[in-house]
Every structure is written in structure tokens, then in C-alpha cells.
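This report refers to the structure that appears directly beneath it.
All of the numbers you see were taken from the coordinates with simple rules; none came from a lab. From a predicted model like this one, the values you see are computed outputs, not experimental measurements.
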């Protein structure tokens, strides 16, 4: 199987850091990524199994959230995502938004509910999720992120929610995103924090604490994601790492991790980024 032999973003030297999962780390920008190159057909199969099979891992996104929207229930997108969307889209002069990995249309439906004048476009690889977004009458495209090059016009905001870690050709995505943003346009996103492995000092060798390849292909820290975007000419990169663990009142570890977080001794699960095209 084909492999990357240098950094997929800056083409610098890489070192193998996870033999079991074939992960390398760039010695310059510090990006960690899977060295194995997968085919588009493999991705389509993987996401179909994750989202659409009975009792699949991510059925909440493909079925439960869709049913809630159809029934007219309130749309819950999470506190941190809603803050970023309000700050960069709803409370600004934003007129056009592109979402990569738009799923069934949860975020698109939320934005439309808040301000129907904002022009929303979504791109979704999974065909079934795309069909559901069409039932919601959202402006969506079935395909991978490369479809953005075919879309008309520019965008004020491009957003990705737990998606950038799935993109094999990360450099091409960054190039296209920069090209399709208006001047002073923004990228906003969330992605898992690789450094949450540090919360588990007794972890097994090569354990990740997030999805393994071929589901997740890129693994970011606050340092590396800033490096990656600055290397591709984005400016004013603001990084926030989720400070506290997800609420789990029945688990003792939740209280221990919360105490650690109060003392800044806990690695939060999620990184949030804002970056501007200058």
C-alpha cells in the first residue's frame, strides 16, 4: 500500500512514532498523521458502516439528530460550537458559509433557523447523510472536500466540525480553503486533541484515545494545528482547548479529571480553532 514519505503539509522529514498504527510526526510542523494512503472507496465504506448500519457507532448523528430536526425540536449543536458560530457567523456581516462534512445538515439547519439570509453550502461524502440533508431542503453537495473548487463564488466562513482529522490530502484542503475564502474570511473548526493521551500515564503503548486509521488520519495538538495553518498563510490563529471533561456524574474519573482541570493539569478532549485569510 502506498505511503507518505515526507510531511503531507510542509514536506519536511517525518519520524515514526506509532508503529502499531503507522503514525509519523513531522520534525518541523509537528503534525502527526497516518503514513498509509487509503483509497476513496475505503473511506466511503468506512463511513457507511459508522453512520448507517443498525446500531452503528455514530447513529446519533445520522438518525437521532435528523429525527429531532424533522419533528421540529430545538437544535442542539453544543456550547462551544454555538459560541464560535455566533461569534464568526451570526453576530457578524457574514453572508456565505461553506461546511465541509455537513452530515445530515444539523449545523445548516441551525444557521437557517437563526438567520435564513445567510447562504449556506454543505459538502458531505456519505450518500445517505447527504440525502437526509436534501430532505431538509439544504443546499448540499454529495462528494469529498474537493467539490469546493467547483462551487461558485467565495465564502466568508468555512467550517469543519470534527472533520479535519479525516482528510487524507490535508495540504490540498488547506490550499482550496484559502482559495475559496474571501479576504478576511475565516476558518472555524474543532478536532480531537491528541495530547489527551497524557491524561493516561499508564496507557498501553501506541494507544490513541480517539478513532484509529482509516477513520482518523490526522492528529493535532494546539501547537501543531497552529503551525499547519500558519504554514498555509492563515493569520490570527486562535486556539482554545476544551478545559473540562465531558460530564459523566456516575464515573469517579470525571471528578478526578475536573479537579485536575481546575489546576490546569488536564488535557481537554477537543481543540477549537479560528484562523483568518489575509
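A few remarks follow.
- Volume per residue of the convex hull around the Cα atoms, evaluated for region 1-141, comes out as 157 Å³.
- Per residue, the chain reaches -7500 deg cm²/dmol at 222 nm when only DSSP H runs of four or more residues are counted, each adding -39500 (n - 2.57).
- Taking all pairs of distinct alpha-carbon atoms in region 230-271, Kirkwood radius in angstrom: 11.9
- Springs join every pair of Cα atoms under 10 Å in this Gaussian network model of the chain, and among 35, 181, 262 the largest mean-square fluctuation is at 262.
- Note on the chain: antiparallel DSSP beta bridges, both residues inside, total approximately 55 percent of the bridges counted.
- Of 105, 78, 122, the one that fluctuates the most in a GNM where the chain has Cα springs shorter than 10 Å: 78
- Largest GNM mean-square fluctuation across 183, 45, 36, computed for the chain with C-alpha springs under 10 Å, falls on 45.
- Spherically averaged projected area in nm², based on the convex hull that wraps the Cα atoms of region 165-271: 8.2
- Over the chain, the hull volume per residue, using the convex hull of the C-alpha atoms, is 146 Å³.
- Across the chain, C-alpha contacts under 8 Å between residues 6 or more apart give a mean separation that, scaled by the residue count, equals a relative contact order of 17 percent.
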